[in-house]
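Heads up: the structure comes next, in structure tokens.
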Amino acid sequence: MGVGDPYGMPIAHGVAAGMGGIRTAGDLVARMQLARRMRLPEAKAYVADKLKISVADLSEVTVMREMREDLDIGVITSVPGCAKGIEAKIRIAELLGISINSVDRLKAKMG
Amino acid sequence: MTKYPTRMGDGHVIDMTADELKADLIAGSADAADRGRIPPLKDDEIDFLLDLFKSNARVVGVDSGNEVVLTHDIGTLRLDGDQGNSGVGIPLSRLQGVQVHERAFAADTMELGHVDYSWKPVKPIIAQEQQALENILLSTIVPIFYGAMPNLGTYYAPDGPFGNPSDLLPMGKIKEAREAQELAVEHATRDIVYICGKLAEVGADGVNFDTTGAAGDADFKASLQAVEQLKAKHPNLAIQVGMAGEFVLGIHGELEYDGTRLAGLYPHHQVGLVEKAGGDIFGPVVNTNTSKSMAWNLARAVTFVKAVTAVANIPVHVNMGMGVGGSPVFETPPIDSVSRASVAMVEIARVDGL
């Protein structure tokens with residue numbers, strides 16, 4: 001999406017049609033579009049298979065909130081002890097079986 | 001006869017009957033079909049759109065399970081920028097802006113960008129941008145793009161080293177105008193590849209070429225060349241190519257990519273070249289006509305974008321900002337129109353993202 005004030009553009013589109021980012025599985029589906037050029041149905045099916053849930057549950061916050069906490073791949077609220085930032089991305093790369101550039105860089109720095 | 005409140009392309013409220021709405025939906029779709037030589041919307045799709053416009057709901061939404069991935073042109077500038085980008089002037093750092101999008105707006109992806117939002121000005125400050133990106137990548141989870149416009153205009157006088165086609169063409173200096181554009185293509189390609197390479201080095205998930213083709217066919221050619229060269233060097237760097245308009249302006253007129261003339265291409269042909277170059281996500285644009293109703297505009301936009309998703313082999317994230325993709329030309333977009341455009345693009349055009 002593009003130009004528009006935050007309420008009129010990202011919030012409006014998010015409410016009307018967005019997957020929900022790290023509230024749900026939006027970031028995970030996006031990862032498959034970036035990493036493998038997957039169209040949406042394929043990307044959703046891939047992530048759902050990895051998570052062992054239905055495609056519809058990918059956008060269902062009551063399912064994904066608990067799953068993200070169990071998998072420790074980052075949650076949207078601030079929970080002490082839950083994986084943050086790059087910690088969560090390391091686990092996401094393993095979960096989805098993809099390379100994430102910033103994770104690869106961290107591993108290279110660690111030697 | 002019952003009248004339904006809707007809007008013109010500039011956003012102001014009008015009332016239309018169901019017959020008037022349907023007539024505009026059909027006419028808008030027919031206009032796209034005629035210009036793009038693509039199929040118009042089917043009767044059931046027109047009826048779906050008519051129901052959307054007849055609904056009294058302030059905000060509408062896609063069916064549960066049909067949600068799509070959101071990418072964000074302009075990035076944090078909508079928070080800390082001025083109204084030129086519909087920014088709301090909150091003095092946040094760009095790191096904070098990304099975090100607000102990730103954790104308060106539930107963004108699926110997010111984007112970092114320079115306040116000028118063109119590639120060329122990023123070159124002298126690339127180390128600063130790498131540093132900002134490094135910090136963001138450490139502390140956020142969603143995929144992070146770096147976005148900017150190819151904006152070939154910055155390579156023309158008085159801002160750049162080459163003659164300005166807008167000055168040369170009215171003087172009849174067609175050869176000189178073309179030479180200036182060809183030189184600008186080479187310089188822009190080199191600059192974009194350099195900048196994006198530096199961003200890849202620090203771990204960017206992707207880069208976003210926003211408003212590609214704004215300066216015409218030369219602008220699009222520079223972008224395609226840059227995508228091709230970047231993919232050869234950095235195959236793991238995702239590249240999103242979003243367009244500036246529905247039609248590539250032939251300001252040069254003879255430029256080609258992979259044997260295809262660029263001038264005059266509509267979105268369903270643009271996407272094939274982006275795929276060939278190595279792009280990972282394509283962002284088609286359909287412009288809003290302020291003199292027509294939103295019913296006319298949305299049907300027209302959906303018709304064009306449906307033709308793109310029918311042929312695309314990569315994800316299609318339609319551009320849905322102010323004035324494009326069936327949204328009114330109004331910098332604080334009415335959410336009734338924005339949400340209707342969202343639903344239409346998802347449920348009829350079957351886009352992979354917005």
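Tabulated data for the structure shown
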read-out	value
Members of the range B:249-276 found to be farther than 29 Å from B:P170 by Cα and in a helix (DSSP H, G or I), listed by number	B:H268, B:H269, B:V271, B:G272, B:L273, B:V274, B:E275, B:K276
So A:G8, is it in a helix (DSSP H, G or I), open to solvent by less than 40 Å² (accessible area, probe 1.4 Å), more than 11 Å from B:E67 (Cα to Cα) and not aromatic (F, W, Y)	yes
The range A:32-44 residues that are more than 7 Å from chain B (Cβ to nearest Cβ) and open to solvent by less than 80 Å² (accessible area, probe 1.4 Å), paired with ones that are in a helix (DSSP H, G or I) and polar (S, T, N, Q) (beta carbon under 6 Å, 6 or more apart)	A:A43/A:Q33
Whichever residue in the range B:132-153 is within 14 Å of chain A (Cβ to nearest Cβ) and of a type in the set (S, T, N, Q) and, among such residues, is least open to solvent (accessible area, probe 1.4 Å)	B:T140
Test: residue in the range A:54-63 that is buried (at least 23 other Cβ atoms within 10 Å of the Cβ), assigned to a helix (DSSP H, G or I) and at pLDDT 95 or above	yes
Count of the range B:234-248 residues which are of a type in the set (S, T, N, Q) and part of a loop (DSSP other than H, G, I, E, B)	1
Pair list, Cβ under 7 Å, 6 or more apart: the range B:48-70 residue more than 7 Å from chain A (Cβ to nearest Cβ), other residue surrounded by fewer than 16 Cβ atoms within 10 Å (Cβ to Cβ)	B:L50/B:A18; B:K54/B:A18
Residue check, B:K221 open to solvent by 10 Å² or more (accessible area, probe 1.4 Å), at pLDDT 95 or above and touching a helix residue (DSSP H, G or I) at 6+ places or on another chain (Cβ under 6 Å)	yes
Single residue of the range B:284-311 satisfying the filter (crowded, with 24+ Cβ neighbours inside 10 Å and outside any helix (DSSP H, G or I)) that is nearest to the other protein chains (Cβ to nearest Cβ)	B:V285
Conditions (1) within 14 Å of chain A (Cβ to nearest Cβ); (2) assigned to a helix (DSSP H, G or I); (3) buried (at least 20 other Cβ atoms within 10 Å of the Cβ): number failed by B:A204	(2)
Qualifying residue in the range B:325-338 (condition: part of a helix (DSSP H, G or I) and of a type in the set (D, E))	yes
Options B:A349, B:A341: the member that is within 12 Å of chain A (Cβ to nearest Cβ), small (G, A, S) and either open to solvent by 10 Å² or more (accessible area, probe 1.4 Å) or within 18 Å of B:G9 (Cβ to Cβ) (or both)	B:A341
Selection status of B:D19, under 22 Å from the mean Cα position of the chain (by Cα), modelled with pLDDT of 95 or more and not in a loop (DSSP other than H, G, I, E, B)	no
Of the criteria (1) within 12 Å of chain A (Cβ to nearest Cβ); (2) part of a loop (DSSP other than H, G, I, E, B); (3) free of Cβ contacts under 8 Å to residues at least 40 places away in the same chain; (4) under 20 Å from B:M149 (Cα atoms), which one B:M322 fails	(3)
Those residues of the range B:71-86 which are more than 8 Å from chain A (Cβ to nearest Cβ) and part of a loop (DSSP other than H, G, I, E, B), in sequence order	B:G75, B:T76, B:G81, B:D82
Residues being open to solvent by less than 10 Å² (accessible area, probe 1.4 Å) and touching a Pro at 6+ places or on another chain (Cβ under 6 Å) - total across the range B:312-332	2
Unique residue being open to solvent by less than 20 Å² (accessible area, probe 1.4 Å) and farther than 21 Å from B:T71 by Cα when the list is A:A48, A:A83	A:A83
Failed criterion for A:V15 (all others in (1) outside any loop (DSSP other than H, G, I, E, B); (2) open to solvent by less than 30 Å² (accessible area, probe 1.4 Å); (3) at the interface with another protein chain (Cβ under 7 Å from one of its Cβ atoms) hold)	(2)
Given (1) in contact (Cβ under 8 Å) with a residue 60 or more places away in the chain; (2) open to solvent by 10 Å² or more (accessible area, probe 1.4 Å); (3) more than 15 Å from B:T288 (Cα to Cα); (4) more than 7 Å from chain A (Cβ to nearest Cβ), index of the condition B:I335 fails	(4)
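The values are calculated or read from the model by the stated rules, or taken from the named source; none is laboratory data. It should be emphasised that the depicted structure is a prediction, and the values quoted were computed from it without experimental measurement. Every residue, glycine among them, receives a Cβ derived from its backbone with ideal geometry; neighbour counts consider all protein chains shown. Just the protein is used for accessible areas: all its heavy atoms, side chains included, with ligands, DNA and RNA removed. Shrake-Rupley method; radii C 1.70, N 1.55, O 1.52, S 1.80 Å.
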